[in-house]
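Written out below as structure tokens is the structure these notes cover.
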Amino acid sequence: MENKLVIKDVKAGSSEWGDYVSQHPLGTHYHDLKWKTLIETTFRHRCHFLAAYDEKDAIVGVLPLVNLSSLLFGNFIVSVPYFNYGGIIANNEQIEKALLDHALALGKSLGVSYLQLREQTQRPHYALPVSTDKVNMVLQLPDTAEALGKSIGSKRRSQCRRATKENVRFTVGGIELLDDYYTVFAENMRDLGTPVYGRNFFKAILETFPTNAKIAVAYLDNKPVGTGFLMCHGDNMEIPWASTLRETNKISLNMYLYWEILSYAIANNCKTFDFGRSSVDAGTYKFKKQWGAEPLQLYWYKWTPDGSVAPELSPNNAKFGLAIRIWQKLPLWVTRLIGP
């Protein structure tokens, strides 16, 4: 089987790729071939979306790879950056191994410092170091918002209602809400000490996936103060990015925001809600757990050419501590200019 495989770097527009991803049980929205053009256009990163073909010229496995290169973080490959999923999906372990070997050879030829595969399931046959520090928090949604309210208990229901005593409102829409979303998102990222993605990234997602991507915004006195970027795939809704302004903590705006978003997901017949990744027992983990979300283990495999430990490009890395503290003190317009 393996000797008969042919692995190609697929160009944008392949219908066979989309058909394969849609029928594979581990296929996700982040395996969509449209991300190739979106990422290359928005970030100028070179993408290698690999497909394995059998002797009948049918796709039997895929692996989306993104080659990121910067002066600060170096040259590396991730499948897929920005999100939690996007590793190898294939018909069997032999094909997975063939795609992995091809990816490692590509990494060597490009001179990367490391390659990371973001997998949903454990793959011991990769024989690579794996990080299990992160989990995704996933909630099985009830049939009604009333049932959700009962499940979270009276204390949390009260927290969700606290903001309604103020002049708040909530809406879900598309690209017409982008400016309101980005205003809150950029300020929240600055306060966290994290460089912000460019507005064009979110604009490109909304334009590329108009039926999958939505923006949720909570307003206080007609000012946007809380937002969520929503991605829908099948009967699952995910929130890759959410932000609330610190000034709204006193009225539990974040609880109101998530209540409204979860109610929206239920009203739109979603069966699961993905709160995104967290470290076990971290503050975000506990926040998501209170809604009834359960951890789904993530397996992030890393390869380095010389077998050394891959660098930790995380805000938790102490070497970034000073940079984070400086970033938090910068004017917002500066972070919006140089962050992307």
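Among F287, F275, which is farther than 20 Å from G86 by Cβ, of a type outside the set (K, R) and crowded, with 16+ Cβ neighbours inside 10 Å?
Only one candidate passes the filter, namely F287.
Please go through segment 1-41 and give me each residue that is under 19 Å from E55 (Cβ atoms) and charged (D, E, K, R), ordered by number.
Answer for segment 1-41, where residues must be under 19 Å from E55 (Cβ atoms) and charged (D, E, K, R): E2, K4, K8, E16, D19.
Starting from segment 6-25, keep only residues that are closer than 11 Å to I59 by Cα, then list their pairs with residues that are among the aromatic types (F, W, Y) whose Cβ atoms are within a distance under 6 Å, requiring at least 6 positions of separation or different chains.
So the pair list comes out as V6/Y53; V10/W17; V10/F49.
Can you tell me which residues in segment 85-133 are closer than 14 Å to W303 by Cα and among the charged types (D, E, K, R)?
Scanning segment 85-133 gives K97, D101, K108, R118, E119, R123.
Among the numbered criteria (1) open to solvent by less than 50 Å² (accessible area, probe 1.4 Å); (2) closer than 23 Å to M231 by Cα; (3) not acidic (D, E), which one does S15 miss?
Going through (1) open to solvent by less than 50 Å² (accessible area, probe 1.4 Å); (2) closer than 23 Å to M231 by Cα; (3) not acidic (D, E) one by one, S15 breaks only (1).
All but one of (1) open to solvent by less than 10 Å² (accessible area, probe 1.4 Å); (2) of a type in the set (V, I, T); (3) in contact with a strand residue (DSSP E or B) (Cβ under 9 Å, 6 or more places away or on another chain) hold for T211, so report the exception by its number.
(1)
Identify, from the list F43, F73, F49, the residue that is under 25 Å from A127 (Cα atoms) and aromatic (F, W, Y). Give the derivation first.
On the way: F43 fails: under 25 Å from A127 (Cα atoms); F73 fails: under 25 Å from A127 (Cα atoms).
Matching residue, one of F43, F73, F49: F49.
When Y20 is evaluated against the numbered criteria (1) open to solvent by less than 40 Å² (accessible area, probe 1.4 Å); (2) within 21 Å of the chain's Cα centre (by Cα); (3) hydroxyl-bearing (S, T, Y), which criterion, by number, is the only one it fails?
Of (1) open to solvent by less than 40 Å² (accessible area, probe 1.4 Å); (2) within 21 Å of the chain's Cα centre (by Cα); (3) hydroxyl-bearing (S, T, Y), only one is false for Y20: (2).
Kindly check whether there is at least one residue in segment 149-170 that is within 24 Å of the chain's Cα centre (by Cα) and not basic (K, R).
To start, the set of residues in segment 149-170 that are within 24 Å of the chain's Cα centre (by Cα) comprises 170.
Subset that is not basic (K, R): 170.
Within segment 149-170, one or more residues are within 24 Å of the chain's Cα centre (by Cα) and not basic (K, R).
Among (1) outside any helix (DSSP H, G or I); (2) within 25 Å of T41 (Cβ to Cβ); (3) not aliphatic (A, V, I, L, M), which single condition is Y219 missing?
(2)
For segment 80-97, what are the residues that are at pLDDT 95 or above and out of contact with any Ser or Thr (no Cβ under 8 Å at 6 or more places or on another chain)?
I89, A90, N91, N92, E93, Q94, I95, E96, K97, listed by residue number.
If we keep just the residues of segment 223-248 that are of a type outside the set (V, I, T) and outside any strand (DSSP E or B), which is most open to solvent (accessible area, probe 1.4 Å)?
Kept after step one, since they are of a type outside the set (V, I, T), are these residues of segment 223-248: 223-224, 226, 228-238, 240-243, 245-247.
Now narrow it down to the ones that are outside any strand (DSSP E or B): 234-235, 245-247.
Details: G234: 77, D235: 81, L245: 5, R246: 137, E247: 96 Å².
Ranking the candidates gives R246 first.
In segment 150-178, what residues are farther than 25 Å from S279 by Cβ, free of Cβ contacts under 8 Å to residues at least 12 places away in the same chain and not basic (K, R)?
Passing the criteria: S154, S158, E176.
In segment 127-136, is there at least one residue being of a type outside the set (A, V, I, L, M, F, W, C) and under 30 Å from Y264 (Cα atoms)?
yes
Spot the failing condition for N269; the list is (1) at negative phi; (2) at pLDDT 95 or above, and only one is missed.
(1)
Name the strands (runs of 3 or more DSSP E) wholly inside segment 93-182 in which the number of residues that are surrounded by fewer than 18 Cβ atoms within 10 Å (Cβ to Cβ) and of a type in the set (S, T, N, Q) is 1 or more.
Working: elements: 114-119, 134-140, 168-173.
By residue number, 134-140, 168-173.
The values are calculated or read from the model by the stated rules, or taken from the named source; none is laboratory data. Because the structure is a prediction, the values reported are computed rather than measured. With ideal geometry, Cβ positions are generated from the backbone for all residues, glycine too; neighbour counts draw on all protein chains shown. With ligands, DNA and RNA removed, areas are computed over all heavy atoms of the protein, side chains included. Shrake-Rupley method; radii C 1.70, N 1.55, O 1.52, S 1.80 Å.
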